[in-house]
1. With respect to the numbered conditions (1) surrounded by fewer than 21 Cβ atoms within 10 Å (Cβ to Cβ); (2) assigned to a helix (DSSP H, G or I), which one is the sole condition not fulfilled by GLY339?
2. Just one of SER454, SER400 is surrounded by 14 or more Cβ atoms within 10 Å (Cβ to Cβ), hydroxyl-bearing (Ser, Thr, Tyr), out of contact with any Pro (no Cβ under 8 Å at 6 or more places or on another chain) and in contact (Cβ under 8 Å) with a residue 60 or more places away in the chain; which is it?
3. Restricting the search to the stretch 134-151, which residues are buried (at least 20 other Cβ atoms within 10 Å of the Cβ) and within 36 Å of the chain's Cα centre (by Cα)?
4. Give all pairs with beta carbons closer than 6 Å in which a residue from the stretch 560-581 that is within 18 Å of ILE605 (Cα to Cα) and among the β-branched types (Val, Ile, Thr) meets a residue that is buried (at least 20 other Cβ atoms within 10 Å of the Cβ) and at pLDDT 95 or above; count only pairs at least 6 apart in sequence or on separate chains.
5. Kindly provide the set of residues from the stretch 534-550 that are surrounded by 22 or more Cβ atoms within 10 Å (Cβ to Cβ) and not aliphatic (A, V, I, L, M), ordered by number.
6. Any residue at all in the stretch 577-595 that's among the β-branched types (Val, Ile, Thr) and over 22 Å from GLY366 (Cβ atoms)?
7. Which one of these does TYR623 not meet: (1) out of contact with any His (no Cβ under 8 Å at 6 or more places or on another chain); (2) under 26 Å from ARG277 (Cβ atoms)?
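The values are calculated or read from the model by the stated rules, or taken from the named source; none is laboratory data. Model, not experiment: these values are computed from the prediction. Here the Cβ positions follow ideal geometry from the backbone for every residue, glycine too, while neighbour counts run over all protein chains shown.
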Amino acid sequence: MSSTARFFFVFVLSFAFFVASSLGKYQDNEAVTLWVNKVGPYNNPQETYNYYSLPFCRPKGNPGHKWGGLGEVLGGNELIDSQIEIKFKRDVEKTSICKIELEGTKVKQFKDAIDNSYWFEFFMDDLPLWGFVGETLPDRTHDNRHVLLTHKNLVIHYNENQIIHINLTQENAKPLEEGRVLEMTYSVKWIPTNISFARRFDVYLDYPFFEHQIHWFSVFNSFMMVIFLTGLVSMILMRTLRNDYAKYAREDDDLETLERDVNEESGWKLVHGDVFRPTQSLAVLSAVVGTGAQLATLVLLVIILAIVGMLYIGRGAIVTTFIVCYAFTSFIAGYVSGGMYSRHGGKSWIKSMILTASLFPFLCFGIGLILNTVAIFYGSLAAIPFGTMVVVFVMWAFISFPLALLGTVVGRNWSGAPNNPCRVKTIPRPIPEKKWYLTPSIISLMGGLLPFGSIFIEMYFVFTSFWNYKVKLLGYFYLFTRFFCIILFGYIPLGFFYTTLSIYCCRDPNPVSHWQVYYVYGFMLLVFVILIIVTVCVTIVGTYFLLNAENYQWQWTSFFSAASTALYVFVYSIYYYYVKTKMSGFFQTSFYFGYTLMFCLGLGILCGAVGYLGSNLFVRRIYRNIKCD
């Protein structure tokens, strides 16, 4: 490992640890700040507003703001000092915060918030607290009576001079009636604990949910799929191709036998003079393959950093790490794209470099701009401040773009020399018509099924964490796909075994919880590796079938065959939205599908690049050992 690579890894690792947590230590009677963050509908986790958008007691003067990292701002957080007096280890009896005079406008705001199940989020020493604004109670004279929870009771557990856990409960429900005066109060109680500071976030981790038996069985089933697919690819390489090599390499002086072999000759050997012909839109293909290679490296790096640095405990730490690592891994995109474009005879390398550096970021920027406009219109905290957008652009312009340029130059000079095993013929060979299931569109569409099946369950856990919904862990759709994937390879008894085992282990988890922290990055690493292997194997099989059908236009087909995994993920997201969530409204719907579209774009480019690179190695390998004219 070079000194530059070591420095980069140490820098990223140090940065990850820095944003992960802050080791707060307090002296007795030292002030502890309670930060208010946001409010919003419980069923719409991205639709959040400033806490004081509701007529709560506002702090006096100009309250302090706690500005976090880039990821915290992008996550729609705005921490404001509540100015509620809390001292370390000092209990506080019921104390008044302020009095709210309920006018008609205020009553309407609170009632609308309660009808929409508004929840709020506080922070103390980087520990989150949640609660509902109010609730509705049955009434004899009315269908529902709206009440505001006016008392907040804080029970704080500490270990020596550090805060370990905070429990917030609300009491003293008061009816919302115009002209009434409500007194907002709070109390604080400090309790010692033996829990160490390093384990204080364990209370937020849902072990029964994320480490459910079906999570383990899912990984094991996907591993079995890898074994079956690698066996299938090995069979193609060791049996089919070996027989083809024997036929193509045989030198027979018998004229009759030679003529018979020529007449019977068909399949992938016939297209050896066209298989390395430069594809259409070479610059675009090079750009997406380079970007996909960068994203694959980026995802692997972030997962490793998350495992080592516990990034889940910091607000926006994952997002910040992702953006910073994306900027510094742009060299990989330029290197892969530049080398590929040059090897295939591309001349407009500057165009290819610009596409590589800007295609994916600008697509995400376009989607983000639309979502930001929606957020500004609604007055939501999800709106990205102009200063943050400038910071992101500066990182792209002065870090990502130059590194992509450098990578392109290095790639063109180090790996840009043409090295095709077979010479490309001047006149393209006509592509014969084949049956419908051997067409590029069908191969591309079917290619994403098995990779999607390998990540299906992990997608559920990721969606649940990101969208803050925890419902039934497993559905019969998953059982069907698991069973289908297994019997696809002829292991019907094994299919029945795993299906029965999944039904037995599939039980509803704990009751619904709004806040889910994804922390099982070890699972994600295994699933990511399985996804890469399955994608490569499936794409190789599809490419072999395509070449055997005498269709030499395999480049884009191999890319789309793997990229179609993202299409199935997007279809699953539609199912998840309508079946698993209670989201509603234009705002939340826009953000749900906007974020999902960005995720699927990245996943599609990543899988497509992996599929293309795997197929490229396969094609070069099989044509390297034949006699090319």
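1. (1)
2. On the way: SER400 fails: out of contact with any Pro (no Cβ under 8 Å at 6 or more places or on another chain).
Sole residue among the options that is surrounded by 14 or more Cβ atoms within 10 Å (Cβ to Cβ), hydroxyl-bearing (Ser, Thr, Tyr), out of contact with any Pro (no Cβ under 8 Å at 6 or more places or on another chain) and in contact (Cβ under 8 Å) with a residue 60 or more places away in the chain: SER454.
3. The answer is GLY134, and nothing else.
4. Going by the 6 Å Cβ cut-off, the qualifying pairs are THR565/CYS607; VAL569/CYS600.
5. Residues satisfying the conditions are THR535, CYS537, THR539, GLY542, THR543, TYR544.
6. So in the stretch 577-595, the residues among the β-branched types (Val, Ile, Thr) come out as 579, 581, 589.
Filter once more, so that each one left must be over 22 Å from GLY366 (Cβ atoms): 579, 581.
The answer is yes, given that some residue of the stretch 577-595 is among the β-branched types (Val, Ile, Thr) and over 22 Å from GLY366 (Cβ atoms).
7. Only one criterion is unmet by TYR623, namely (1).
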